[in-house]
Amino acid sequence: MARGVAAGLGVLIVLGCAEEQPAPATVVNRPAPEVAQAPPPHPDEIAPAMPVRTLSDFMVSRFCEAYVCRVEQQWDLRSGGENVYIKIEYEPNVAVELQVKDSAVVSAGFSLFNRRNQANELRLHDTDVPLARALARTLIGQPCSEATASLERRMGVPVHQIRDASATSCGGWSIRAGLVVDPVVNFSRR
């Protein structure tokens, strides 16, 4: 037994003193496996029974159920009311904001982050326009198909401020979309 250990130590010593270094192991970088995530429902499946009127309505809406909404921050606005910044777990590069005045949602919108490729070209995700339609349907309580039909094209039109973007209307709301550094979609009560 002692002889076997000595022989084993001899091998270790020989390996440790070798002049040639062994070739480094080949490292293969593989992307981390993506967590399987069910796609969000079609905007028509998110239709509320009634349009959202309050922040509480919004937070328990089918939209927030499907996209998993979480209030990140709230702050008072100089014009009165408050701004509510909401993250959605389904798409971490989307920020939803609601403006609430006298407990009523008066404006809402979202910004899409990280939508440019290495050549700095805008590349919307397949889920961006359905997200906008789902939010429109949740706020307004109806599909607004005509008003939201041009969203994809309008999200790529550069504007200085979202209020400079052309508006369509549906159900008492104005809908604007434009490229204000990042793509932005805004809904405001008329």
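Before moving on, here are some points about what is shown:
Matching residues to (1) within 17 Å of residue 97 (Cα to Cα); (2) in contact (Cβ under 8 Å) with a residue 40 or more places away in the chain; (3) under 16 Å from the mean Cα position of the chain (by Cα); (4) crowded, with 22+ Cβ neighbours inside 10 Å:
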site	(1), (2), (3), (4)
120	no, no, no, no
126	no, no, yes, no
132	yes, yes, yes, yes
147	no, no, no, no
159	no, no, no, no
162	yes, yes, no, no
175	yes, no, no, yes
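- Of the listed requirements (1) touching a Ser or Thr at 6+ places or on another chain (Cβ under 9 Å); (2) of a type in the set (A, V, I, L, M, F, W, C); (3) not in a strand (DSSP E or B), residue 106 misses just one: (3).
- Within region 39-59, the only residue that satisfies the criterion of being exposed (fewer than 13 other Cβ atoms within 10 Å of the Cβ) and modelled with pLDDT of 85 or more is 56.
- The one condition in (1) closer than 18 Å to residue 179 by Cβ; (2) surrounded by fewer than 19 Cβ atoms within 10 Å (Cβ to Cβ) that residue 79 fails to fulfil: (1)
- Cβ-Cβ distances below 6 Å connect the following pairs, each with a first residue in region 64-88 that is within 13 Å of residue 131 (Cα to Cα), a second residue that is part of a loop (DSSP other than H, G, I, E, B) and aromatic (Phe, Trp, Tyr), and a separation of six or more residues or different chains: 67/90; 68/90.
The values are calculated or read from the model by the stated rules, or taken from the named source; none is laboratory data. The shown structure was predicted, so the numbers you read here are calculated from the model rather than taken from an experiment. Glycine gets a Cβ as well: all are built from the backbone with ideal geometry, and neighbour counts include every protein chain shown.
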